[in-house]
């Protein structure tokens, strides 16, 4: 039925007869000629029909067709430089309509913003035809393939582990599957292959890996889903943790090189857990945005603001983060950030908006010298927002704030 893919045709194919199949992306009628954009996984090819082909005038978006035709070079004025196959077209001599489509619920050319998530999920088979989703699935495939290649080349064995197993203590609740053969008993879907990979090490497998589905019955969060895919691995007899880090860094570098053509510098920057908490307030900092915690206890130790003095006097500190370019945040968003900080364990949050002058609810309790020193400590510029917490154990609440701001900006 098909000899070529639409997006893979080029001027080198001019004069060759090809058979294509796919979905009608668009139809344009111009008197004696009709142009149809045919789409498949690889891209779009322009088809040209003469007036003798009557059935072409009945084609609508997303109809599934197969054609036979000859690849021809487009005339100079009709070349489309913005299209991968914009230098050629296919002159059709045979058309077969494989399936008629109802009017699609949304345009496949869009980015998804023209339909609600519920509509996109209901018509997932249409949504999956979007170029963005197809590219994402292709990238996922290439990431998995390059990951398997790397670990296989480094002596690891890929071994599948059971999905129906016994419930074991983990960090979340299990998904349970009732047993037909033993009424009243249940299987548990694995939260991780932890016990199985330990059996492999005891059994002498030495090096194991698996790209595996895991299941955890817990509430949805930004980094949590009930069902997810993870890279799982285990190594016997490593010399030290450096052996493990070298393998993981090598895997990441290989995947980026093979899938994106990007070379990563190694070794990767490393920080200890203690340093990560101290500098960022989280053990998984996003280094793209900086926002390191800045301790200004020395600056405000003798401040007239009692909250600062008492926090430092009781063995705590005054520290915060700089939200660059966020001085325009409305009070509602700042109040929301304070709610996040308090829910994470802080007693409250102080903010300072940096313009030509510094404005803050506590500005009247701070001298001009103290305000200038705070601004200098954060390297703050006009348009920035400084968020401060006071007390003990304030690193964790501060670590929650950068994520909240980034999500807020995306909305």
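Every number here is computed from the coordinates shown, using simple stated rules; none is lab data. Quick caveat: nothing in here was measured; it's all calculated off a predicted structure. When we count neighbours, we look across all protein chains shown, and the Cβ atoms used for this are built from the backbone with ideal geometry, even at glycine.
If you check residue 288 against the conditions, is it out of contact with any strand residue (DSSP E or B) (no Cβ under 8 Å at 6 or more places or on another chain) and in a helix (DSSP H, G or I)? No: the conditions fail for residue 288.
Being assigned to a loop (DSSP other than H, G, I, E, B) and under 15 Å from residue 93 (Cβ atoms) is the filter here, so list the residues in the stretch 1-60 that pass it. Those that are assigned to a loop (DSSP other than H, G, I, E, B) and under 15 Å from residue 93 (Cβ atoms): 3, 15, 16, 50, 51, 52, 53. The set of residues from the stretch 268-303 being exposed (fewer than 11 other Cβ atoms within 10 Å of the Cβ) and over 23 Å from residue 324 (Cα atoms) comprises 269, 270, 272, 273, 274. Can you find even one residue in the stretch 293-313 that is out of contact with any helix residue (DSSP H, G or I) (no Cβ under 8 Å at 6 or more places or on another chain) and assigned to a loop (DSSP other than H, G, I, E, B)? Scanning the stretch 293-313 turns up no residue that is out of contact with any helix residue (DSSP H, G or I) (no Cβ under 8 Å at 6 or more places or on another chain) and assigned to a loop (DSSP other than H, G, I, E, B).
Tell me whether the stretch 382-402 contains one or more residues that are over 19 Å from residue 282 (Cα atoms) and without any contact (Cβ under 8 Å) to a residue 60 or more places away in the chain. Yes. Consider the stretch 228-251. How many of its residues are assigned to a helix (DSSP H, G or I) and touching a helix residue (DSSP H, G or I) at 6+ places or on another chain (Cβ under 9 Å)? Summing the residues that are assigned to a helix (DSSP H, G or I) and touching a helix residue (DSSP H, G or I) at 6+ places or on another chain (Cβ under 9 Å) in the stretch 228-251 gives 3. Any residue that is touching a residue at least 12 places away in the same chain (Cβ under 8 Å) and in contact with a strand residue (DSSP E or B) (Cβ under 9 Å, 6 or more places away or on another chain) - is there at least one of those in the stretch 252-259? No, the stretch 252-259 contains no residue that is touching a residue at least 12 places away in the same chain (Cβ under 8 Å) and in contact with a strand residue (DSSP E or B) (Cβ under 9 Å, 6 or more places away or on another chain). Any chance the stretch 88-103 includes a residue that's buried (at least 16 other Cβ atoms within 10 Å of the Cβ) and assigned to a loop (DSSP other than H, G, I, E, B)? Within the stretch 88-103, not a single residue is buried (at least 16 other Cβ atoms within 10 Å of the Cβ) and assigned to a loop (DSSP other than H, G, I, E, B).
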